[in-house]
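Rule-based calculations on the coordinates, nothing more; no lab input. These figures come from a predicted structure and were not determined experimentally. Cβ coordinates were reconstructed from backbone atoms using ideal geometry, including for glycine residues, and neighbour counts include every protein chain displayed.
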Amino acid sequence: MPATGPIDCDLHPVVPGLQALLPYLDELWRETAIRRGIEDLTTISYPSRNPLSFRQDWRDDSGRTATDVGTLTRQALDPLGTRLGILNCLYGVQAQFSEDLGQAMCRALNDWVAREWLDRDSRLRASIIVPMQNVEMAVDEIDRCAADRRFVQVMLLVGSETTLGRRHNWPIYAAAERHGLPVGIHAGSMYRHPITPVGWPTSYTEEYVNQATAFQSQLTSLIAEGVFAKFPNLTVVLMESGVTWLPAYLWRLTKFWKGVRSENPWVADPPGSIVRDRVKLTLQPFDVPPDAASVMRIIDHMGSDEMILFSTDYPHWQYDGSDVLPAGLDPALGRKIMEENPLRTYVRLRERETVT
């Protein structure tokens, strides 16, 4: 493993279509997919032709990119000298209403990532995609995939069926903690509820912007329900959540916690302290004015320079040119974000490559 180089904590391999997963489905579910005419599970909230979905000069004839290791290596890893990259595959498998079909699709997706991506580039690692439709099935998938040390995280979607702090979700956190895996909560949805608390939006602008409020709701749930108290070794990573909303949110949450803390006696520490110790955020999209003073002011307001993890969000396109890092960062802080913070967060990244 290279001694130095950035660690990209949010890369998105693109499933070219359901045909790619068919070889990894059991015979029953392969026949079911063919009989039902299921051709693709690409989420409607990130349509491939939208400008933010993929950088224009990266697109192939289909309008997509990142459908194979060679393309991802050429466009994302090699230009930055990336040391390690974590794949977070978004493919709508959690949106299936059938629990059994959701489980089968998640198993196939994880096996596809392992064989078609992890086996082909030793720099790649991945998150375990779990069937959020059924907690027991999710735990089974965590236990199954965790034996492969190249899986370094459990991935959930921020738009879930119920708030993530609820007790019935706790077996997922217990399994993640048992295997030493952070839980990553990524932008996206199971499409059980609108992304806003007041109904369904009608434009992608509303969808994108309101993802941040969904992250606030889920983080509040995790804290108020006592997940961090119950699982003291669990780390939560907010992926593609944005960053600059956090300071004001923590101030507000801590203020109201002081006034009504009696109803949550298990929240013994101020929410701000809990978040700074136990929660990380991926860098992109980094919604801050493009000047060093503003960047440093936001980090100062966050109260910690150990919370931000380097990410390109490839192939989604949230920044200009090749300037993945905010302008004017102190080199020591840049190194911390790009290397030290990810290594502290993901224990398995510190291990040598292990293939099962």
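Scoring 58-70, 190-202 by mean Cβ neighbours within 10 Å over their residues and listing the highest first yields 58-70, 190-202. Distance between the 7 Å Cα→Cβ label points at Arg261 and Glu27: 6.1 nm.
Working note: Karplus 6.51/-1.76/1.60 with θ = phi - 60° gives region 128-138 the couplings 7, 8, 10, x, 5, 5, 8, 5, 4, 5, 4 Hz, where Gly and Pro are set to x. Straight-line cross-link partners of Lys230 among the lysines, defined as a Cα under 25 Å from its Cα and at least 8 positions apart when in the same chain: Lys255, Lys258, Lys280. Peptides 167-179, 259-271 ranked from most to least packed give 167-179, 259-271, packing being the mean of other C-beta atoms within 10 angstrom over each peptide's residues. Each 10 Å bin, from zero up to the one with the longest distance, holds this percent of the alpha carbon pairs of the chain: 5, 25, 36, 26, 7, 1. Taking other C-beta atoms within 10 angstrom as a stand-in for reagent exposure, Met307, Met132 fall in the order Met307, Met132, fewest first.
Here the gap between Arg166 and Val198, fully extended at 0.36 nm per residue and compared with their Cα-Cα distance, gives a gain of 9.4 nm.
Derived value for region 210-267: Kirkwood hydrodynamic radius 12.3 Å. Basis is the mean of 1/r over every pair of different alpha-carbon atoms.
Averaging the sequence gap over all C-alpha pairs within less than 8 Å and six or more residues apart, then dividing by the number of residues, gives region 7-350 a relative contact order of 18 percent. Summarising the amide proton neighbourhood of Leu21: residues at separation of 5 or more, or on other chains, whose placed amide H is nearer than 5 Å comprise an empty set. Summarised in one figure, the compactness ratio Rg/Rh of region 219-338, Cα atoms and Kirkwood Rh, is 1.01. Peptides 337-348, 150-161, 22-33 ordered by packing proxy, namely the average of other Cβ atoms within 10 Å per residue, highest first: 150-161, 337-348, 22-33.
As a proxy for reagent exposure, Glu207, Glu39 were ordered by neighbouring Cβ count within 10 angstrom, fewest first; the result is Glu39, Glu207. Legend: ranking of residues Lys336, Lys280, Lys255, Lys230 from fewest to most surrounding C-beta atoms inside 10 Å; resulting order Lys255, Lys230, Lys336, Lys280.
A simple charge model with +1 on the Cβ of Lys and Arg, -1 on the Cβ of Asp and Glu and nothing else charged puts the dipole of the chain at about 780 debye relative to its Cα centre.
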